[in-house]
Amino acid sequence: NGGVVGGQISAVRLGATPHIIKGYAAQKMSLSLAAANPQRNPTSRAGAIALAEAALDAVGRGRADSSRAQTSLLVGEFSTRLSERVSALAPVLRGQTPVFFHAPKTVDVETALRLARERHLVPVLLHPTSVSQASDSIRSSKAIVIVGPLGLDASDRALADPGKLAKEGISVAFCSDAPLSDPGS
């Protein structure tokens, strides 16, 4: 959640014979305050939004963009050059790969849906709380909502929202965020 373009999501089947179902199942992005950090770019929610827009616009033009100069990000089988971001994010811009937006607050949900609408992205809203007031926007965008983790200390509104959204025809799923939070949530 701390990175604007956080990385790729894979679908993996666990069990006796684990295997990768889809290597690049989705892209993770965060336009929330969690992506901001006073010690590095972006330093604000507005900065995170601007960085995401710049990265997507650059990919749309066939070139890479970054908030800092770097040529080596990871090693091994993973992308190591900024130029590889173009091929990694191109399926997102073509609507072939959904984007999991970390969107805990209503303003984050609205921002993610606006960006998805403007760039023709397939949105999935991750970790939203108190989003029933944005249900019309969510439904019209055909976004999937993934809520959780929900604990006994969650507000009545947070606990009721998934049911309200489902009754309105919005697809809702639950996540535990394990091991970052108690898997029993």
Worksheet item: Out of the DSSP beta bridges found with both residues in the chain, what percent are antiparallel (nearest 5)?
Response: 35
Response to the item:
For region 99-185, averaging the sequence separation of alpha carbon pairs under 8 Å that lie six or more residues apart and dividing by its residue count, the contact order in percent is 26
Discussion item. Sort 95-108, 169-182, 41-54 by the packing proxy (mean of other Cβ within 10 Å over each peptide's residues), most packed first.
Written reply: 95-108, 41-54, 169-182
Practice prompt. List every residue whose amide H lies under 5 Å from the amide H of Ala25, counting only residues 5 or more places away in sequence or on a different chain, with H placed 1.01 Å from N in the peptide plane.
Written response: Ile9, Ser10, Ala11
Practice prompt. With label points built 7 Å along Cα→Cβ from the Cα atoms of Asp182 and Asn37, find their separation and express it in nm.
Written response: 2.9
Discussion item. Using the Karplus curve 6.51 cos²θ - 1.76 cosθ + 1.60 with θ = phi - 60°, what ³J(HN,Hα) values do you get for each residue of region 31-36, in whole Hz, with x for Gly and Pro?
Written reply: 10, 8, 4, 4, 7, 8
Worksheet, complete the sentence: Which of Ser141, Ser32, Ser87 fluctuates most in a GNM of the chain (C-alpha springs under 10 Å)? That residue is Ser87
Worksheet item: What is the packing order of peptides 6-16, 125-135, taking the mean over residues of other C-beta atoms within 10 Å and listing the highest first?
Response: 125-135, 6-16
Fill in: Derived scalar couplings ³J(HN,Hα) [region 48-60; Karplus, 6.51 cos²θ - 1.76 cosθ + 1.60; whole Hz; x for Gly, Pro]
5, 5, 4, 5, 5, 4, 5, 5, 5, 5, 5, 5, x
Practice prompt. Express in whole angstrom the spacing between the alpha-carbon centres of region 2-46 and region 152-185.
Written response: 19
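A short reminder: the numbers here are calculations on the coordinates, not readings from a lab. Keep in mind the model is a prediction, meaning the values are calculated, not measured. Note that we place each Cβ from the backbone using ideal geometry, even for glycine, and neighbour counts take in every protein chain shown.
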